[in-house]
Every structure is written in C-alpha cells, then in structure tokens.
Amino acid sequence: MKHELPGRLIVFEGIDGTGKTTQIPLLADYLTNLGHKVQVTREPTTGQYGQKIRELYVQRTSVSREEELQLFIADRREHIEQLVMPALEKGEIVLCDRYYLSTAAYQGANGFDPMEIIKLNQFAPEPDIALIFEVSVDTSLERITNGRGEQLNDFEQEESLTRVSRIFSELDLPFIRRINAEKPIEEVHRSVVEAVKPVLF
Ligand code: TYD
C-alpha cells in the first residue's frame, strides 16, 4: 500500500554479503547531518517472531515452507505496527535492513511465486525507495565465508543464493533502485545518496 505519511521509508535489499549493513550507518549519518530524524531498523526483528526465525537459521527444515513464510509476515506486521508506522507518522526517515522484497526473493527461491508474496505484503507501507544491492554470488559467498569468518547458514547455501539473486535481478517495481555493490565503500555510499536524494524533503 502506498503511504501518504510525512516520513520516508528507505529499505535495503539484496543477497547476503552485499555490504548493506556497512552502508546503512553511512546513510544514517548523512541524513542526520542534514537535520533529519532517522530510525535504523532491520528484519527479521528481535521480537517474538524474529527470534523464532533466527532459530531456523540452523534448522530450516524444522518448519514447513508455508510456516516459514508466515513467520516472516507476522514479524513484519509487528515491526510495522510497533516501529515503522509510528516513525513515518512523526515525519522520520526509516532505514530498514531488509523488507518484503527479501521475502519475495528468499521465500520465492523456496518455491513461492515472488509476485504472490508481494501481494501478501500489501498491508505493508510501500517503500519510497528500495535499494537493491547487487554483487555476484561469488562475491557474496566470498564475503560471508572469508570476510566474516562464518559458516553459511541455512538461508545462504550457494544454490539457493543463486536463485535468490536471480529473483532480485528480475523484480521490476517503480520504487526499486539498483546499486552496484562490487565498488569500494565510498563509491557505493555516493550512489546510495544519489538514489535517495529525489525522495528527501
Ligand atoms: P540478515 O539480514 O542476514 O540478518 P542477520 O544479519 O540478523 O542474521 O537476514 C537473515 C536471513 O533471513 C537472510 O539470509 C535472509 C532471510 N530473510 C528471508 O528469507 N525472508 C525475509 O523476509 C527476510 C526479511 C529475511
């Protein structure tokens, strides 16, 4: 649903290891310096459903794919009610690390139709801008395993990441802006700023 609230909703999307988490605080600082009140947040949240989702990272098969999808949606409903809407009503800029395009891409890669998933999310305020951070699957895997020194969790296996990446690349909605996230941090930051400027007030 399109929102007519005084705030702005800017969401960060893409496969794992694209550097979203580095870029969000850089944009938050930039916007704060311009005098905006900024809220940085993320999905899955740390709420009741978000915690259940985190348990799935190690044992994804412990719930059905329908139940998994419903958990992400329940988490989002709670997040919107408790944080996103109140902030938008107050005229704040909300920067959200992952939102419903992640559900379209990840649960889409798990067998659902991505556009059907987007329809299930019509209760959610539409982002003013969704930045899709793009890197190759090789870069993503490299950054997850070498950069963070982590093992791949159940959402991050190569085959499924390739499917997720393809869905992200095929999404076509008017509020999507694509960011080449293979570039150095400063350059990516400049592209992010250029992409969000048109929706600032
Ligand atoms: P991530 O941003 O990596 O969170 P954290 O750093 O806190 O672990 O997101 C966790 C995983 O959840 C990620 O691999 C993508 C997945 N995910 C979905 O499958 N569907 C969704 O709707 C969302 C928001 C995330």
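Every number in this text was worked out from the coordinates using simple rules, so none of it is lab data. Predicted, not measured: the structure shown is a model, and the values here were computed from it. In this analysis, Cβ positions are derived from the backbone assuming ideal geometry, glycine residues included, and neighbour counts consider all displayed protein chains.
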Handout entry: Residue within segment 111-124 that is among the aliphatic types (A, V, I, L, M) and touching a strand residue (DSSP E or B) at 6+ places or on another chain (Cβ under 7 Å) present
Key = no
Fill in the blank from the handout: Within segment 13-55, the residues that are touching a Leu at 6+ places or on another chain (Cβ under 9 Å) and either over 28 Å from I179 (Cβ atoms) or among the small types (G, A, S) (or both) are G14, G17, A28, Y49, G50, K52
Exercise for the section: Would you point out the residue of segment 60-95, among those that are of a type in the set (D, E) and in contact with a Ser or Thr (Cβ under 9 Å, 6 or more places away or on another chain), that is surrounded by the fewest Cβ atoms within 10 Å (Cβ to Cβ)? Expected result: E78
Practice task
Say whether the condition of being away from the ligand (no atom under 11 Å from the Cβ), at positive phi and over 15 Å from the mean Cα position of the chain (by Cα) is met by at least one residue in segment 72-92.
Solution key: yes
Handout entry: Looking only at segment 25-43, and only at residues there that are more than 13 Å from V193 (Cα to Cα) and within 16 Å of the ligand (Cβ to nearest atom), the one that is surrounded by the most Cβ atoms within 10 Å (Cβ to Cβ)
Key = E43
Handout entry: Among (1) small (G, A, S); (2) more than 25 Å from H189 (Cβ to Cβ); (3) away from the ligand (no atom under 13 Å from the Cβ), the one test that G47 misses
Key = (3)
